[in-house]
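Trainee: Starting off with a structure, shown below.
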Amino acid sequence: MKPLADRIALVTGASRGIGRAIAVRLAQDGALVGVHYRAEGDKAKEMLDLIRVRGGDGFLVAADLADPAGATQLADAVIGELRTRRDPPTLDILVNNAGIDDRKTIEQVTEADFDRMLQINFRSPFFLIQKLLPVVADGGRIINISSMAARLSFPTMPVYAPTKAALSTLSRVLAAHLGPRGITVNAVLPGATSTDLNPAAADPQRSGAIRDTVALGRIAEPDDIAPVVAFLASREGGWITGETIEASGGQRL
């Protein structure tokens, strides 16, 4: 029996990067995975095909989380999908992964930059959790993808880092609030990972300086992060809640 058999999961920002790796891993572990994407429908479809080729299954849901109405639209779409599969509709695992970064110093940040990053990185996951809570199963899992930037000082992350710190803090608050329902809430903090969100880490010529700060001596790949999320989503991870778990290979120890 696969560890997540008979579970239904939603992964936001699942068409690429860390979200893609998480969705693939949860499906491999037996979950039916909702693959959320914003506009890259072709990549999302390829992602779903990959899941199915590997013996899993899932469904696609589109929503723009930069739109203030996006979280509600996504929640409505997911609940509609759940109704076709379960009565009553229930969701077992929610992974808030979607996020953006725009490397600028505070002098360079515009109000539009600030609002967009706050919307996608914190406001949308906050309200997505709120809208989905009525259908999150007792004993379910909420896993928020934060960042190790939340505990460090990067001058070009004056908005990104605080939004991720807010997501980590929200995880602790909700862990206490939802504990009576047996719902665990945790934050995973990836370090430098080779994705298009972090072009310096993905660039072989520029990544050397970053690699030198990592105790394990290399830049992470998305597949390094996904098993941490899969463990927290599993029954074996059921006694961990309210935690911020850094998955950085020992970066900047």
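The values are calculated or read from the model by the stated rules, or taken from the named source; none is laboratory data. Just so we're clear, the structure is a prediction, and the values are computed from it rather than from any experiment. Cβ atoms come from the backbone with ideal geometry, glycine included; neighbour counts cover every protein chain shown.
Trainee: Any residue in segment 210-232 that is over 18 Å from THR184 (Cβ atoms) sitting within a Cβ distance under 8 Å of a residue that is of a type in the set (A, V, I, L, M, F, W, C) and loosely packed, with under 14 Cβ neighbours inside 10 Å? List the pairs, counting only those 6 or more apart or interchain.
Mentor: ALA215/LEU253
Trainee: I need every pair where a residue in segment 1-24 that is free of Cβ contacts under 8 Å to residues at least 60 places away in the same chain and farther than 25 Å from GLU40 by Cβ has its Cβ under 9 Å from the Cβ of a residue that is of a type in the set (D, E, K, R) and surrounded by fewer than 24 Cβ atoms within 10 Å (Cβ to Cβ), sequence separation at least 6 or different chains.
Mentor: LYS2/ASP29; ALA5/ASP29; ASP6/ASP92
Trainee: Counting only residues that are of a type in the set (Gly, Ala, Ser), exposed (fewer than 15 other Cβ atoms within 10 Å of the Cβ) and in a loop (DSSP other than H, G, I, E, B), how many does segment 60-112 have?
Mentor: 1
Trainee: Here's something else I'd like to know. Kindly indicate whether GLU236 is at pLDDT 95 or above, among the charged types (D, E, K, R) and touching a helix residue (DSSP H, G or I) at 6+ places or on another chain (Cβ under 6 Å).
Mentor: no
Trainee: What are the residues in segment 93-119 that are free of Cβ contacts under 8 Å to residues at least 24 places away in the same chain and farther than 23 Å from THR12 by Cα, if any?
Mentor: GLU107, GLN108, THR110, GLU111
Trainee: Also: Pull up segment 234-253, narrow it to residues that are assigned to a loop (DSSP other than H, G, I, E, B) and hydrophobic (A, V, I, L, M, F, W, C), then point me to the one that is nearest to ILE142 (Cα to Cα).
Mentor: Filtering first and then ranking leaves ILE240.
Trainee: Do the conditions hold for ALA176, that is, is it in contact (Cβ under 8 Å) with a residue 12 or more places away in the chain, surrounded by fewer than 19 Cβ atoms within 10 Å (Cβ to Cβ) and in a helix (DSSP H, G or I)?
Mentor: yes
Trainee: Please work out which residue is farthest from ALA187 (Cα to Cα), limiting yourself to segment 17-42 and to residues that are in contact with a strand residue (DSSP E or B) (Cβ under 9 Å, 6 or more places away or on another chain), in a helix (DSSP H, G or I) and of a type in the set (Gly, Ala, Ser).
Mentor: GLY41
Trainee: Within the bounds of segment 3-16, is there any residue that is surrounded by 15 or more Cβ atoms within 10 Å (Cβ to Cβ) and assigned to a helix (DSSP H, G or I)?
Mentor: The answer is no; no qualifying residue exists.
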